[in-house]
Amino acid sequence: MGPDDWLLLCRTVRFGDTDAAGVMHFARLLTWCHEAYEESLERFGLSAAEIFPTPSWPAPDLPAPDLPAADSAAADSAVTGLAATDWTAQPSVAPVPVTVALPIVHCSADFRRPLVCGDPLAIQLRPRRLDPGSFEVNYDFSRGGQAVANGLTRHLAIDSLSRRRCPLPPAIHRWLEASSLAGGIQPL
């Protein structure tokens, strides 16, 4: 597996991504940036639970849906696709708590050409470590080889409890290191 497997992603502009004028709504670009970042991590082999905070288990008891007793099992199954006894099921293995959060502390977007429903997009990610506790990801969006937009997200590692700066987690360090090899070996 090479860096293009996790740094070059594709998507299509959907109708829900557009505004009343029929072009991509400006806010969608940053959503696509974050989704591309998440997908890149997954393709690299990092699960969302390794990177992003998840609820601790066991989850608090949830109130039962307000449905008539005779129909509740059928309603649960129809709405969720799960049997009535499964809707509060806990995972069999509790996730390892994420102790480092990676909030976005800066973002930007530049729009070069309008995008409309059905446009195919290629998204090239260019992650770069800034210092031991922060990194940024540049996103180059193209359609048919023509640049249409650019985005940037800058992330800072903080301890989830104290909210103070800390080093990047090892998994992100590995992703950044492997991603930097896409352009040849570069100094840290």
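In whole Hz, with x marking every Gly and Pro, tabulate ³J(HN,Hα) for the range 123-130 from phi via Karplus 6.51 cos²θ - 1.76 cosθ + 1.60, θ = phi - 60°.
3J(HN,Hα) across the range 123-130, in whole Hz: 10, 9, 8, 10, x, 8, 6, 9.
Starting with the fewest neighbours, write out GLU39, GLU177 ranked by other beta-carbon atoms found within 10 Å of each beta-carbon.
Ordered from fewest to most neighbouring Cβ atoms within 10 Å, GLU39, GLU177 come out as GLU177, GLU39.
What are the ³J(HN,Hα) values, in whole Hz, obtained from phi via the Karplus relation 6.51 cos²θ - 1.76 cosθ + 1.60 with θ = phi - 60°, for each residue of the range 35-43 in sequence order, with x given for Gly and Pro?
Each residue of the range 35-43 in turn: 5, 5, 4, 4, 5, 4, 4, 5, 5 Hz.
To make sure I understand, if each residue's beta carbon is the centre and we count other beta carbons within 10 Å, what order do THR153, THR18 fall in, fewest to most?
Ordered by Cβ neighbours within 10 Å, fewest first: THR18, THR153.
What is the sum of charges around ASN150, taking Lys and Arg as +1, Asp and Glu as -1, for the other residues whose C-beta is under 12 Å from the C-beta of ASN150?
Once all neighbours under 12 Å are counted, the net charge is +1.
Starting from the Cα of ILE104, step 7 Å along the direction of its Cβ; do the same at ARG11; then give the gap between the two resulting points in nm.
My value for the distance between the label points is 1.0 nm.
Taking the Cα-to-Cβ direction at ALA27 and at PHE111 and moving 7 Å from each Cα, how far apart do the two end points lie in nm?
Simple spin-label model gives 1.3 nm for this pair.
So what's the gap between the Cα centers of the range 133-158 and the range 2-22, to the nearest angstrom?
Measuring centre to centre over Cα atoms gives 13 Å.
Work through the residues other than ASP17 whose Cβ is under 12 Å from its Cβ and net out their charges, Lys, Arg +1 and Asp, Glu -1.
0
Readers should treat all values here as calculations from the given coordinates under stated rules, not as data from a laboratory. Just so we're clear, the structure is a prediction, and the values are computed from it rather than from any experiment. Positions of Cβ are backbone-derived with ideal geometry, glycine not excepted, and every protein chain shown enters the neighbour counts.
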